[in-house]
Amino acid sequence: METLYITHPACHLHEMGDWHPESPSRLDAINDQLLASGIMGLVSSKTAAVATRHDLLRVHAPEYLARLDTLLPAQGYAQIDPDTLMNPHTLEAAYAAAGSGITAVDAIMEETAQTAFCSVRPPGHHAGPARAMGFCFFNNLAVATAYTLEKYGIRRVAIIDFDVHHGNGTEEIFAGNDQVLMCGFYQHPFFPNVHTQNCVKNMVNVPVDAYTSGEAIREVINDSWLPRLRQFQPEFIFISAGFDAHREDDMGQLGLVESDYAWITSRVVEIADEFAQGRIVSFLEGGYNLSALGRSAVAHIKALAKL
């Protein structure tokens with residue numbers, strides 16, 4: 001079965017100013033690199049269905065959604081925190097981004113695809129049940145995870161997060177949920193300045209120092225993630241694919257390169273093939289050096305598609 005490349009035109013409409021690193025050009029950088037590499041012709045493209053309010057309410061508080069409605073500006077920007085802003089199209093883009101995972105899950109469960117990469121923005125892994133932060137409004141991965149658990153009767157879902165920043169919103173939503181195992185690494189101390197390693201048994205989020213190499217990250221994954229994933233035996237896997245741990249990305253100070261992202265993805269694919277019938281949905285999170293982002297996304301998608 002095939003790999004889907006899912007996006008939505010509304011994801012280009014949200015922007016937070018010319019100065020802001022989380023820009024529509026991120027999606028263009030990925031698309032351009034996929035075209036240049038020839039990968040685009042080997043995957044199937046699909047437009048995301050827009051999430052409904054009910055979809056969001058599985059993981060977000062109703063008063064939070066209402067507050068975002070009131071904050072949406074008719075023109076210009078509304079500032080949510082020092083680096084998270086809304087423009088008139090932000091919610092349109094956010095609903096589309098949140099719907100991308102649902103579109104992917106339906107295709108995979110209907111056996112028209114096996115894996116998917118959701119090239120969408122705004123990103124999601126910092127968004128908590130009632131809080132936008134870190135460029136994120138809705139937790140796209142959490143929305144898809146909750147949908148999968150409810151609609152398809154999946155009993156065990158694994159979440160992988162390899163962004164340079166801790167996926168604090170995802171952890172907040174699923175901490176203590178025995179149907180979910182989250183495995184991640186993140187630079188620490190660093191934004192969002194949350195350190196919760198080993199506080200909750202279903203979280204394997206490993207802090208690493210600045211300037212940690214890709215080789216050391218592979219050791220973390222071999223030692224910490226893979227044994228827990230094999231013990232958990234997930235039936236579906238979601239990935240928060242942040243590429244800002246790349247050594248060329250000034251947003252963080254980790255030392256990963258494209259081959260590391262390919263290696264990480266291949267290990268996740270092996271777990272999916274063993275326990276989850278190969279089912280993986282990946283979401284774009286961080287990645288702000290456009291060249292490194294595009295190259296890393298190509299490496300990731302190639303590994304997802306086993307190319």
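What follows draws every value from the coordinates through simple rules; no lab data is involved. Note that the coordinates shown come from a computational prediction; the quantities given were computed from them, not determined experimentally. When we count neighbours, we look across all protein chains shown, and the Cβ atoms used for this are built from the backbone with ideal geometry, even at glycine.
Is the shape of the range 159-233 rounded, prolate or oblate, going by the alpha carbon gyration tensor and its root eigenvalues a ≥ b ≥ c, with a/c under 1.5 for rounded and a/b larger than b/c for prolate? The partial results should precede the final answer.
On the way: a/c = 2.28, a/b = 1.18, b/c = 1.93.
Oblate, since a/c reaches 1.5 and b/c is not below a/b.
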Exercise for the section: Quick one: what are the phi-derived ³J(HN,Hα) couplings along the range 98-104, Karplus 6.51/-1.76/1.60 with θ = phi - 60°, whole Hz, x for glycine and proline? Expected result: 5, x, 4, x, 5, 4, 5
Handout entry: Sum of side-chain charges, Gln253 neighbourhood, beta-carbon under 12 Å (Lys, Arg +1; Asp, Glu -1)
Key = -4
Fill in the blank from the handout: Between the alpha carbon centres of the range 54-113 and the range 8-28 the gap in Å comes to 14
Completion exercise
Dividing the helical contributions, -39500 (n - 2.57) per DSSP H run of n ≥ 4, by the residues of the chain yields a 222 nm value, nearest 500 deg cm²/dmol, of -11500 deg cm²/dmol
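Sorted by packing (mean other beta-carbon atoms within 10 Å per residue), highest first, where do 109-118, 278-287 land? Please report the intermediate quantities before stating the final value.
Working: 109-118: 20.9, 278-287: 27.3.
The most tightly packed comes first, giving 278-287, 109-118.
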Handout entry: Charge-dipole axis of the chain as Lys and Arg at +1 and Asp and Glu at -1 on Cβ define it, positive-most pick from Tyr147, Ile239, Thr265
Key = Tyr147
